[in-house]
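Presented below is the structure to which this report refers.
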Amino acid sequence: MRRRNLDTSSIADIAGNWKTPTRRTPEGGAASGSTTSTDTSPEKENEPQLFTAMTPVNVIVSLEMLTKTFVDVFLCPRCCQQKNNPKPSLQVECLQFGLATKTHISCKKCSFVHALTPLKQEKIRPGPKESSPTKRESNRFHDYSINYLGALLQQKLGMGLRGLEMIMAFLGIAPSYGSGDKWTRIFNTIGAVEEAVCNEVILANLQEEIRLTKQHAEIDLSNWVETNPDATAADKEAKHNSLLMMEGDKIGITIGADGAWQKRAIGRSSYNSTTGHNFGVGGYSNKIVSLQCYSKHCQICEEATKKQLEEPRQHRCPKNFDAARSAKSMEAQGAAQHCIEVATGPSGAYIAGVVTDDDSTTRSNLKHSLKETFNQRHGEGNWNSRTKRQLGWPVGPDNKLVKDTGKLPLNVPTPKFLHSDKGHRIRGVGYAAFDCKSEAKVKNDKGLMKVECLNIKRNMGYYVKTNQHLSDDDFNRRGMCVLQHLFNDHSLCDIKWCTHLKAQAEDDPVKKAKLDNQNKYWKVETAEEKKLHKKAEG
């Protein structure tokens, strides 16, 4: 195959070689990656290289222009060998398989046939060839890698087949996309591979978190030995086990867990999303060591229920959460599932510390089930609701039996530490301040103003950021300075941020008055003083 002005002696060689011309730089030289020789002298190596784009795997070419070029310009190589002055006799036929297009070029006068085939996908399940035309066409649809890339594009953009059709329609590509069943098979193949790769990555991240935990424990142990030179070998081993938070033969790790939902307007009131996920991030590695995904619906199962079928067809069912439950409970269930999967997995670790938001449901679920504990301790059927109190069922502050909210099996160690992250703790203080403002407005009473609520939230952020070195007891005790500062009580304040203490340390009275304004503080009044003020106003 050649152009009309090519030499007939090279037609046979050109027919079997379909090569892309070498790209050129603006100066006319060959681009990097070509087979041409380049100057490797030190002067050339030190010169700045021009940026060249990567070689494209796929390009958009007008099908009409391509067909017209082959029909009007190129000649059949076999006809050129037999005749001195042949005429164009090629014809082009295109076959569509999803996004892939296979082009057949044939000659009208002889048996010459050539095919332009897109890049094919490696066979995942090799087997005998299908004899049915429908099966052969379906297999050919799944042979081409561009269809798998189209499925990945739909995942990344969060759209379905209709969205892909719209994109390709505007670009003028692919008049046929294949049926939904063909694309479902591709999605199932990609989903299984993605899930396997995800599990491998998460296991590797978990091993790295264990390694870093051991490394920090060795550093802390060496520092402890320096301060306790008289410690015995047993003391060192006990200290090392406490630093590793050992539970049997398992090493304790700390994670940060939080959930999210794939629906907007998820907040403090409405949790009606049908899907959600929860990540467990390692405290030292900052990598995901556990992942939980939840879905309330499965389209195939729901269609089978509508058609009153006994069982749906075989598929990868995504439904793993009760549709009647609130999406808010996905977060608590995800935190419990993190503890179960890490403790029962092959990593040799368990979750000893969990950093979450101030969700009370999450904290209550990260315990052993009282029912399973009593069954193990007293035997199933040997206790009931009347004998629970006598057998030691926990009792709350109101002297009532507590509810059984634990979700952890008995073979899973419970977390030793339950902390709250800084962002949620600061946000929780802000919510409490604004709630006081709203309650005062309902009661027609003078409450906090908006600027004061914002100041409380801001001061709490400053306090958390600057006092992380304190112990838990000191941190909790001195944390009241955020509220006491508002009522002109500066006994717990720090001169670094408290304007009143800065004013007390200032000698210049003008600067002192400028720093500290006594009218901005609230005054604490007793009930008797409020009555006297009301009488005076009356």
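The values are calculated or read from the model by the stated rules, or taken from the named source; none is laboratory data. Remember, predicted model here, so these are calculated numbers, not experimental data. Here the Cβ is made from the backbone with ideal geometry for all residues, glycine too, and neighbour counts use every protein chain on show.
Scanning the range 97-113 for residues that are within 16 Å of Trp183 (Cα to Cα) and part of a loop (DSSP other than H, G, I, E, B) yields Gly98, Leu99. Of all residues in the range 340-367, those satisfying the criterion of being in a helix (DSSP H, G or I) and not small (Gly, Ala, Ser) are Ile340, Glu341, Val342, Thr344, Thr361, Thr362, Arg363, Asn365.
The one condition from (1) assigned to a loop (DSSP other than H, G, I, E, B); (2) surrounded by 14 or more Cβ atoms within 10 Å (Cβ to Cβ) that Asp398 does not meet is (2).
All conditions in (1) at pLDDT 90 or above; (2) hydrophobic (A, V, I, L, M, F, W, C); (3) outside the structural domain of Gly248 (by TED's automatic domain parsing) hold for Leu408, with the sole exception of (3).
In the condition set (1) buried (at least 18 other Cβ atoms within 10 Å of the Cβ); (2) within 26 Å of Glu195 (Cα to Cα), Leu244 is compliant with all but (2).
Name the residue, out of Lys465, Lys400, that is touching a residue at least 12 places away in the same chain (Cβ under 8 Å) and of a type in the set (Lys, Arg). Before you say what the answer is, go through the steps one by one.
Numbers: Lys400 fails: touching a residue at least 12 places away in the same chain (Cβ under 8 Å).
Exactly one residue qualifies, and that residue is Lys465.
Can you list the strands (runs of 3 or more DSSP E) lying wholly within the range 226-339 that have 3 or more residues being more than 18 Å from the chain's Cα centre (by Cα)? Talk me through it step by step, then tell me what you get.
Details: elements: 251-261, 275-282, 288-295.
Qualifying strands (runs of 3 or more DSSP E): 251-261.
Regarding the range 291-310, can at least one residue be identified that is modelled with pLDDT of 90 or more, surrounded by 17 or more Cβ atoms within 10 Å (Cβ to Cβ) and under 30 Å from His216 (Cα atoms)? Yes, some residue in the range 291-310 is modelled with pLDDT of 90 or more, surrounded by 17 or more Cβ atoms within 10 Å (Cβ to Cβ) and under 30 Å from His216 (Cα atoms). The criterion of at least 3 residues that are basic (Lys, Arg), at pLDDT 80 or above and over 19 Å from Asp358 (Cα atoms) is met by none of the helices (runs of 4 or more DSSP H) falling completely within the range 431-512. Annotation note: of Arg140, Arg136, the sole residue that is at pLDDT below 80, part of a helix (DSSP H, G or I) and touching a Phe, Trp or Tyr at 6+ places or on another chain (Cβ under 6 Å) is Arg140.
For the range 66-86, residues that are exposed (fewer than 12 other Cβ atoms within 10 Å of the Cβ) and either part of a helix (DSSP H, G or I) or of a type outside the set (S, T, N, Q) (or both) total 2. With the requirement that a residue be within 12 Å of Ile340 (Cα to Cα) and part of a loop (DSSP other than H, G, I, E, B), what does the range 401-412 give you? Residues satisfying the conditions are Lys407, Pro409, Leu410, Asn411, Val412. Select from the range 169-223 the residues that are over 27 Å from the mean Cα position of the chain (by Cα), among the aromatic types (Phe, Trp, Tyr) and surrounded by 14 or more Cβ atoms within 10 Å (Cβ to Cβ) and list them in ascending order. Within the range 169-223, just Tyr177 meets the criteria. Leu418 meets all of the listed conditions (1) in a loop (DSSP other than H, G, I, E, B); (2) touching a strand residue (DSSP E or B) at 6+ places or on another chain (Cβ under 9 Å) but one, namely (1). If you check Ile219, Ile202 for being farther than 30 Å from Thr101 by Cβ, assigned to a helix (DSSP H, G or I) and touching a residue at least 12 places away in the same chain (Cβ under 8 Å), only one passes: Ile202.
Applying a threshold of 9 Å to beta carbon distances and a minimum spacing of six or more residues, or different chains, the list of pairs starting in the range 251-263 at a residue that is in the same structural domain as Gly283 (by TED's automatic domain parsing) and ending at one that is buried (at least 20 other Cβ atoms within 10 Å of the Cβ) and aromatic (Phe, Trp, Tyr) reads Ile251/Tyr350; Gly252/Tyr350; Ile253/Tyr350; Gly259/Tyr294.
Conditions tested, residue by residue: (1) modelled with pLDDT of 85 or more; (2) among the small types (Gly, Ala, Ser); (3) not in a helix (DSSP H, G or I).
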| residue | (1), (2), (3) |
| --- | --- |
| Val59 | no, no, yes |
| Glu64 | no, no, no |
| Pro88 | no, no, yes |
| Val92 | yes, no, yes |
| Leu95 | no, no, yes |
| Ala115 | yes, yes, yes |
| Arg125 | no, no, yes |
| Gly150 | yes, yes, no |
